[in-house]
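The values are calculated or read from the model by the stated rules, or taken from the named source; none is laboratory data. In this text, all values refer to a predicted model and were calculated from it rather than measured experimentally. Neighbour counts are summed over all protein chains in view; Cβ atoms, including those assigned to glycine, are modelled from backbone coordinates with ideal geometry.
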Amino acid sequence: MIIVQFSGGLGNQLAQYGLYSEYRARGLKAYADLSWYGNAQPKDGKVDTRKLELPHLGINLETCPEKYAYYGKEDDFHRYLRRIMVGPVHFEKDYKFTPELLDVKRGYVMGGCFLGEQYMPFSEALVRESINFRGTDSDYIKQMEEKITSCNSVSIHMRLGDYLNNDSLYGGICTPDYYKRAVDMIREEVDNPTFFLFSNDVDEAARILGLEGAVPVEGNTGDRSYLDMYLMSKCRHNIIANSTFSWWGAWLNGNKDKKVCCPTTLLNGYDNGSVFCKDWIRVES
């Protein structure tokens, strides 16, 4: 039995789903542990409260029996039961591709985001096919999708919000200079691009970016924020933030000729540029 711990926001959940799917594609008994939601989320206010959002994408998970859940039952009996019945705990190292995780046959897999195509050598097609965004039939989403698909659209994702509360981890990576360089690179590669701006604070992102003619994508907040990922995936090209959310928006983009600009690392203090796909364009901050 393998139990994959799910935690964090939608981008992290999708990455964890990718590894969970990889185990199952290899014929292993893999289950999802969702006990982090409601039991172990950070309480310091630096990170927004997260909800399980995979159902918005039509993804169903086979969850582990409650008695094996890692959070919520911390007494000696349940710790002993988990150790005997499930096995050891396996961790991702430094938030970058950890090849040993693909060899796991038993135990808990937790403590990471598992981001990158390398975690899905057998399950990539399955993951893509299983994602079916819901709620895309509203008038606003249909109108915005029509605009996006009728031009040389380029998504720009600027992550603000809780990222501003942890500058030591997230700051100084996707700077205004990063976005300027990425926009310049896209203009060299793409004829007559139209930029669509995505952010959890679109007004502030527009002020920081100062890009004339950029189209703000608004209204997809709270329980509808996943629709930003959907619209990013419909753009022909992408400029992403150091964010698992926009990583998935770009990865789900089905344009075979897409240009994706990404930063050189995901988090400060970690050499984890390997999470970005090989053919994406690295842009210095």
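For this structure, a couple of remarks:
- Filter result for Asn253 (part of a loop (DSSP other than H, G, I, E, B), crowded, with 17+ Cβ neighbours inside 10 Å and either assigned by TED's automatic domain parsing to the domain that holds Thr98 or modelled with pLDDT of 95 or more (or both)): yes
- In this structure, Gly107 qualifies as touching a residue at least 24 places away in the same chain (Cβ under 8 Å), in contact with a Pro (Cβ under 7 Å, 6 or more places away or on another chain), surrounded by 15 or more Cβ atoms within 10 Å (Cβ to Cβ) and not assigned by TED's automatic domain parsing to the domain that holds Cys235.
- Hits in segment 256-276 - residues which are in a loop (DSSP other than H, G, I, E, B) and either touching a Pro at 6+ places or on another chain (Cβ under 7 Å) or closer than 19 Å to Ile148 by Cα (or both): Lys256, Asp257, Lys258, Lys259
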